[in-house]
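Single-structure report; data block below.
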Amino acid sequence: MFTLPQRFPDMKESITNLQLSDLPVGSIGSDLHSSLPTSESLSELVVNHVKLQHRLTEYHQKFKVQKFMDHLSTSRDRSRLHSLQGQGAGAWLSAVPFNSALALSSKEFHLATLIRLGCKIPQSTEQCDCGRDLDEEGYHLVTCKTGGGPIRTHNAIMHVWSECLTELNFQHSKEPTHRYLNNDDRPDIVVIDPQTGQDTDLDISLVHSWCTDLLASAASTAGIAASRREEKKKLKYSQELLPGGIKPSLVPLVLEHFGRWGIEATNYLNKLAQWSRDDEGKKNMAKEEYGSIQDQVEICHLHSIAEKPCKSYCRQDT
C-alpha cells in the first residue's frame, strides 16, 4: 500500500518552491494552495497517474506571472504584458522564414523585439511625417495614419486570410461592392460556409490597448481591447441589411498591436482547421495552415510596425 509522509505540507512547498503559508489571500497563489491535493487524495492521484507535476508547475508559473504583473509600475506595461500572453502573440519568434513573407531583416527583428520587451526605441528625438514628435515607446509609430501604415497592415493581413482560405479551397471574395442595401460599406472578405452554404462576412481590425479609452481596462483585464473592438464591429454590422432584408453573419477578426488575437478570430481559425480535418484529404494541411496563418499575420504586422522606425534607425547608422 502506498503511504505518504506525515509532513505533506512541506512536500508541497518543496515541490513548488513556494512558501504556501505566505501567499496572499485571493491571489493565484492562494488558489494554488487551496487546489493542491490533500494527503488523503494524493495516493489516489499517484496511483491513477494524474499529471500532478504538470498541475503544480502550471499553478507555480501562474503565480510567478501574477507576482511579476503586480510589480509593474505603469498601466502601459501591464496592458502590454496582458496582450503578449495571448495565443499567437509570439508566433513570429518561432516562424521559419521559408519564404520572403515570413522573413524579417535584422533591423526589423531588433525593433520588433524592443517593442515586445517594452524597451525604448532609438529614434525618440525624431518627428513623424505628420509633424508630431515620436514617443520613445513606439505608440505613435504604429497608430499614426499618415503615410497609410495601418491601412497597409490591414490589407496585408486580409491577403494572408484570403490565401489561407484559397489553400483550403473555401469559396470567398475580397471587399465585394454593393454588398449591403442600406449603405456602401463592405466587409473585407465574404466566405461561403462549407457546411451550411451560407455567407459569412469577415471584418479585419487592429486595435492598440494603449488607446485612451482602453488603457485602464486593458491594464487589469487581458484581451479587453480586442473584445471591445469585436463588440463595436458587431454593433456596426447589426445595422446592415443584405438583399431580402437579411442580417449578415459577421466574424470580426481583431488583432491587438502587441499580438493578442481576439476570441472571435481564434475561434474562426479553429473552425477552419476543424472543417479541414473533416475532409480526409486535408488533415495534414489543416495543421500546417493553422500555424502558418498565425505566423504570417504576425510577420506582416511587424513589417508595418518596423517601417517608420527603421527609416530613422538606418539614418542614425550612416
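The values are calculated or read from the model by the stated rules, or taken from the named source; none is laboratory data. All of these numbers come straight from a predicted model, not from anything done at the bench. Quick reminder, even Gly has a Cβ in these numbers, built from the backbone with ideal geometry, and neighbours come from all protein chains shown. Ligands, DNA and RNA are stripped out before the accessible areas are found, and what is left, the full protein with its side chains, is counted by its heavy atoms. Shrake-Rupley method; radii C 1.70, N 1.55, O 1.52, S 1.80 Å.
Things worth noting here:
- Residue ID - modelled with the highest pLDDT, chosen from residues in the stretch 139-172 that are of a type in the set (S, T, Y) and crowded, with 16+ Cβ neighbours inside 10 Å: S162
- Any chance A306 is under 26 Å from R116 (Cα atoms) and either open to solvent by less than 10 Å² (accessible area, probe 1.4 Å) or at pLDDT below 80 (or both): yes
- Positions within the stretch 104-138 being open to solvent by 60 Å² or more (accessible area, probe 1.4 Å), within 20 Å of G148 (Cβ to Cβ) and either among the polar types (S, T, N, Q) or without any contact (Cβ under 8 Å) to a residue 12 or more places away in the chain (or both), in sequence order: Q127
- Annotation: of all residues in the stretch 180-203 being touching a residue at least 60 places away in the same chain (Cβ under 8 Å) and over 22 Å from G262 (Cβ atoms), the one that is surrounded by the fewest Cβ atoms within 10 Å (Cβ to Cβ) is Q195.
- Filter pass, G138 being touching a helix residue (DSSP H, G or I) at 6+ places or on another chain (Cβ under 8 Å) and closer than 28 Å to H110 by Cβ: yes
- Flag if V65 is assigned to a helix (DSSP H, G or I), modelled with pLDDT under 85 and closer than 22 Å to L214 by Cβ: yes
- Of all residues in the stretch 253-264, those that are in contact (Cβ under 8 Å) with a residue 12 or more places away in the chain and open to solvent by 10 Å² or more (accessible area, probe 1.4 Å) have Cβ atoms under 7 Å from Cβ atoms of residues that are among the polar types (S, T, N, Q) and assigned to a loop (DSSP other than H, G, I, E, B), 6 or more apart or on another chain, in F258/S209; W261/Q87.
- Screening the stretch 193-250 for residues that are part of a helix (DSSP H, G or I) and among the polar types (S, T, N, Q) and picking the one that is modelled with the lowest pLDDT gives S220.
- For the stretch 82-103, residues that are at negative phi, surrounded by 18 or more Cβ atoms within 10 Å (Cβ to Cβ) and either over 18 Å from the mean Cα position of the chain (by Cα) or part of a loop (DSSP other than H, G, I, E, B) (or both) total 3.
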